[in-house]
Amino acid sequence: MLLEGKTAVITGCSRGIGKAVLNRMTAQGASAFALVRREDAAFTEHCAALSEKYGVDVRMVYADFENENAVTAAAREILKTKERIDILVNNIGVAFPQRMLAMTPMEAVKRSFQINVFSGMLFTQLISKSMMRGRRGSIVFLSSSAAFDGGANIEYSAGKAAVLGEVRRLAVELGGFGIRVNAIAPGLTDTDMGGITSEEVKAAAMSRNIMKRMGEPEEIADAAVFLASDLSRFMTGQTLRVDGGLL
Ligand SMILES: NC(=O)c1ccc[n+]([C@@H]2O[C@H](COP(=O)([O-])OP(=O)(O)OC[C@H]3O[C@@H](n4cnc5c(N)ncnc54)[C@H](OP(=O)(O)O)[C@@H]3O)[C@@H](O)[C@H]2O)c1
C-alpha cells in the first residue's frame, strides 16, 4: 500500500488517464476527491464501488475547468472539509484536431491555454495553500511528449511546454514546504484523446517509439502513483517521460 492514509485530489477523473489514476491511487489506499465536469450516474456508481472495494473515501467534486469561477468554487469546496491534502494530480487536458498555426484562430489558442495551463495553475495555487500548511505533499502535472517534439497542435505543444516551466518554478517555491512537484510526459496513449489523433499521426508516433505501440492509461497512472508516493521522495522539478522510448 504505497498511499495508505493519504488523500489525493485528482482532476479529470471521468475517463482516460484521470480515471486510471483514480483507480490506481485508491487501490494503493488513498482517499480521493475526484473532479469531474458534471454529475453522471455511472461515474457515481464507479466511485462507490472503489470506496467499498478499497475501504477509502471517494468524494466527487464538479467543475468545468474552462470557467475560472468554477475552478475556484471546486477548490473552496475541497478546502472547506479541512482535510489534509497529500497529493494533487492536475490531469485535465484537451486537444483540438490537428492543424497549423496559420489555420488556427487565436480564440482556440486561448481556450486551450485556459484549460491546459491557466485553470490547473489557479487550482494548484488554491490547493497548494493547504499543502503548505501541512508542510508536505506531492503535486503531479500531466504534460506531454508534444512539449519536447512538437508532435501536436501549436496551442497544445506550447501549453504542455508551459506546464513544464510551471513545474520547475513550483518545485523551487514549494520545496521549502516539503512539497514535491513533478510532471509526467506521456507519449500517445490509448484514450479518447489518443483516439482523436489522425491515423497518420498515430502511425508516425508509434513508429518513432521503441516499443512500437500506444501507451495504456494504467501505464501512465502507475507513474503518477510513483511520483505521488515516497518511492520518489528525492525527486522534484522533474519530468518523467512515459512514452515507450521516444528518443
Ligand atoms: N492520450 C494521450 O495520448 C496523451 C498524451 C500526452 C498527454 N496526455 C495528457 O494526459 C491528460 C489526460 O488525457 P486523456 O488522454 O486521459 O484525455 P481524455 O480521455 O480526453 O480525458 C480528458 C479528461 O479531461 C476532462 N476535461 C477536459 N476538459 C475539461 C473541462 N473544461 N472541465 C473539466 N474537465 C475537463 C475530461 O472530462 P469530460 O469527460 O467531462 O470531457 C476527461 O476527464 C491530459 O492532460 C492530456 O493532455 C494525453
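Tabulated values for the structure
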| item | result |
| --- | --- |
| Degrees separating the helix 154-174 axis from the principal Cα axis of the chain, which is the longest one | 30 |
| Estimated inter-spin distance, residue 213 and residue 177, nm [label 7 Å along Cα→Cβ] | 4.1 |
| With Cα atoms, 0 to 90° folded angle of helix 16-27 axis to the chain main axis | 30 |
| Linear extension gain, residue 247 paired with residue 57, 0.36 nm per residue minus alpha-carbon span | 64.4 nm |
| Rounded to 10°, Cα long-axis angle of helix 68-80 versus longest principal axis of the chain | 30 |
| Whole-angstrom gap from segment 170-247 to segment 28-67, using each part's C-alpha centre | 22 |
| Mean separation of Cα contacts under 8 Å (6+ apart) over length of the chain, as relative contact order % | 20 |
| Pairs of Lys in segment 7-242 closer than 30 Å at Cα, counting only those 8 or more apart or on different chains | 19 |
| Distance-filtered residues of segment 130-148 - backbone nitrogen under 15 Å, label point 7 angstrom along residue 104 Cα→Cβ | 144-148 |
| Modelled FRET efficiency - R0 30 Å, residue 70 with residue 198, Cβ distances, 0.05 increments | 0.40 |
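No lab work stands behind these numbers, since they all come straight from the coordinates. Predicted, not measured: the structure shown is a model, and the values here were computed from it. Here Cβ is always computed from backbone atoms with ideal geometry, including for glycine, and neighbour counts include all displayed protein chains.
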